[in-house]
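So the structure is just underneath, and the comments pick up after that.
The values are calculated or read from the model by the stated rules, or taken from the named source; none is laboratory data. Note that the coordinates shown come from a computational prediction; the quantities given were computed from them, not determined experimentally. We place every Cβ from the backbone using ideal geometry, glycine too, and count neighbours over all the protein chains shown. Surface accessibility is based on the protein's heavy atoms, side chains included, excluding ligands, DNA and RNA. Shrake-Rupley method; radii C 1.70, N 1.55, O 1.52, S 1.80 Å.
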Amino acid sequence: MSDQKTATPATDSRRSSNTDEAPAYEKKGQGELAVQDAALEESSESRAIDRALLWKMDRNLIPFLTLLFLLSFLDRINLGVAKLAGLTTELNLTSLQFNTASMIFFVTYVAFEVPSNLILKKMRPSRWIPLIVICWGITQTLMGLVETYTQLLSLRALLGFFECGLFPGLSFYLSSWYPRKELGLRIALFFSAATLAGAFGGILGYGLSQMDGIGGKQGWSWIFIIEGLLTTVVGCIAPWFVHDFPTSKPRFLTEPERLLVIARLYKDTGVANIAKFSWKQVRISVCDYKTILYMLIYIGVAEPIYSQSLFSPTIVAALGTWTRSQSLLLTVPPYVLAFFTTVGTALYADRVQKRGVFMMFWSGLSSIGYIIFMTVPPSKPGVLYFAVFLTVASIAPGIATTIAWVGANFSNHYKKATSMGLTFTLGNAGGIVASQIYRTQDSPRFLLGHGVTLGFSVMCFICSVTLHILLKRENARRDALYGPPPPAPPLGETYSDEVLQRLGLYGKTEEEIVDMGDFVPTFRYIL
């Protein structure tokens, strides 16, 4: 019977070290694993070890990933800046053609997100991520050379194809490094690059537009060329800064440190976070009500943030008789505020280990902002500019909070990868909607755009409330049925027969328990 209990990963010597079967534990490392697991006991010395490891992970993972996302967000939203710099005039684009060029990026982006997440899991991140960065950097550079609408449309579609793997891939990647209580802040720091892109995209676009006439190119061309070349250069050095999963012996960790990273993850979710690829887990993920609600929540925040990112220069320009330069610079302060609301929310959410209440608060606040847009007349530009602050600052925390919420509530690597990929897929379809609803003929009030975006914010609020209630009920049901979840046993050991019987796991093999994922009785959802 002993070999049929909830065997921990450390006891299964048949697992390979291939990243496809993560995490893999070598039998020879069991002694070291026991030492590392013991180091997790609450003591001042172990806490110091844990803090040192966490800091080492943070400085080796977060800064470069943040830079990559900053570049990707700059490259996807600079079309709005280029519009003010003369793109539509030189290419003779109609409002519909510009909106279509904005939209086509998201069509290819959405179509290939889930496959890219699964490829990332199969390949080494240090190879896959740099490859797609270099490809989209080259594509972005070529956009500065376009002479026709068709060329612009083709390159925007190609840009979406290459960029689709970064944001969902890196979000999943971080969830494979950090326990749930630490994940929110790291994703917020990573996502804060988007708010910085919104803030400095206007400044950078203004500066590059001043190169108008150099080399026979207009300012909008130089926006694409310089930003694309910068991305390509960063992509070329990325293999030395993007590290592989902790199960694949990343370069910056010693072997004891790597084992401690794995032990920390095991202590958080136990055996439920281990898996081999199977289509069964993909099917379970697709049918899980949590996946569906997270998809709706994410599109509820993604559509507003894409609307703001693509059209905030146009919206601000319509508030008064600003020059092109003034319009670009006036978009900066709201995004600076958004940076602080994003990071501040993540810090507090990690501390209290809550996500849903923050989603309710921020989606409700953004709804108020869009009601202001729709009800206040253009004769009061100050109030409308306040609404820009309100919407931008309240939308930004929602993205990072949703990602952390999804990453915390799915276990089994491939179920998590699929669920996160599907969430991003529908969510980023919000970019398709956003690119079509802010039409030139609706200026200066943009009632259609603001009304649709208000609807998405309200949907986000309703779905957040619904999911919070359902998860709270499920946690209470498991507590009533099985009692409080016992702490994960030390690596290399199993629960006692008494605990296994109480949990309904007695007689189950490790593979059967792994297949249960977040349905395992010891798992509790983050609310």
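If we keep just the residues of segment 237-272 that are within 18 Å of residue 169 (Cβ to Cβ) and modelled with pLDDT under 85, which is least open to solvent (accessible area, probe 1.4 Å)?
247
Answer yes or no as to whether residue 142 is in a helix (DSSP H, G or I), modelled with pLDDT of 90 or more, open to solvent by 60 Å² or more (accessible area, probe 1.4 Å) and in contact with a helix residue (DSSP H, G or I) (Cβ under 8 Å, 6 or more places away or on another chain).
yes
Among the residues of segment 37-88 satisfying the criterion of being of a type in the set (Val, Ile, Thr) and closer than 23 Å to residue 107 by Cβ, which is modelled with the lowest pLDDT?
Here the residue is 77.
In segment 111-130, how many are hydrophobic (A, V, I, L, M, F, W, C), touching a Pro at 6+ places or on another chain (Cβ under 9 Å) and open to solvent by 10 Å² or more (accessible area, probe 1.4 Å)?
Residues meeting the conditions: 1.
Quick test of your reading of the structure: residue 355 fulfils all but one of (1) over 24 Å from residue 74 (Cα atoms); (2) surrounded by fewer than 19 Cβ atoms within 10 Å (Cβ to Cβ). Name the failing condition by number.
That leaves (2) as the condition not met.
What pairs can you find where one residue is in segment 427-456 and farther than 27 Å from residue 403 by Cβ and open to solvent by 20 Å² or more (accessible area, probe 1.4 Å), the other is of a type outside the set (A, V, I, L, M) and outside any helix (DSSP H, G or I), and their Cβ atoms are less than 6 Å apart, with a gap of 6+ or different chains?
Partner pairs satisfying both residue conditions: 444/378.
Checking residue 421 against (1) of a type outside the set (Lys, Arg); (2) touching a Leu at 6+ places or on another chain (Cβ under 6 Å); (3) open to solvent by less than 10 Å² (accessible area, probe 1.4 Å): exactly one of these is not met. Which one?
(2)
Select the helices (runs of 4 or more DSSP H) contained entirely in segment 77-129, then report the ones holding at least 1 residues which are within 19 Å of residue 430 (Cβ to Cβ).
95-111, 113-122
Specify which of the listed residues (369, 320) is of a type outside the set (A, V, I, L, M, F, W, C), open to solvent by less than 50 Å² (accessible area, probe 1.4 Å), farther than 18 Å from residue 395 by Cβ and touching a helix residue (DSSP H, G or I) at 6+ places or on another chain (Cβ under 7 Å).
That would be 320, the only listed residue that is of a type outside the set (A, V, I, L, M, F, W, C), open to solvent by less than 50 Å² (accessible area, probe 1.4 Å), farther than 18 Å from residue 395 by Cβ and touching a helix residue (DSSP H, G or I) at 6+ places or on another chain (Cβ under 7 Å).
Sort through 467, 491, 505, 500 and tell me the only one that's modelled with pLDDT of 85 or more and hydrophobic (A, V, I, L, M, F, W, C).
From the options 467, 491, 505, 500, the qualifying one is 467.
Restricting the search to segment 133-159, which residues are among the aromatic types (Phe, Trp, Tyr) and in contact (Cβ under 8 Å) with a residue 60 or more places away in the chain?
136
Select from segment 249-267 the residues that are closer than 26 Å to residue 494 by Cβ and not basic (Lys, Arg) and list them in ascending order.
Hits for segment 249-267 are 255, 256, 257, 259, 260, 261, 262, 263, 265, 266.
Looking for something under 21 Å from residue 431 (Cβ atoms), out of contact with any Ser or Thr (no Cβ under 8 Å at 6 or more places or on another chain), part of a helix (DSSP H, G or I) and small (Gly, Ala, Ser) - is there at least one such residue anywhere in segment 260-267?
No, every residue in segment 260-267 fails to be under 21 Å from residue 431 (Cβ atoms), out of contact with any Ser or Thr (no Cβ under 8 Å at 6 or more places or on another chain), part of a helix (DSSP H, G or I) and small (Gly, Ala, Ser).
Within the set of pairs 6 or more residues apart or between chains, which connect a residue that is of a type in the set (Phe, Trp, Tyr) inside segment 112-131 to a residue that is part of a helix (DSSP H, G or I) with Cβ atoms less than 8 Å apart?
Partner pairs satisfying both residue conditions: 112/161; 128/119; 128/120; 128/169.
Just one of (1) closer than 30 Å to residue 526 by Cα; (2) open to solvent by 60 Å² or more (accessible area, probe 1.4 Å); (3) touching an Asp or Glu at 6+ places or on another chain (Cβ under 7 Å) trips up residue 180, so point out which.
(2)
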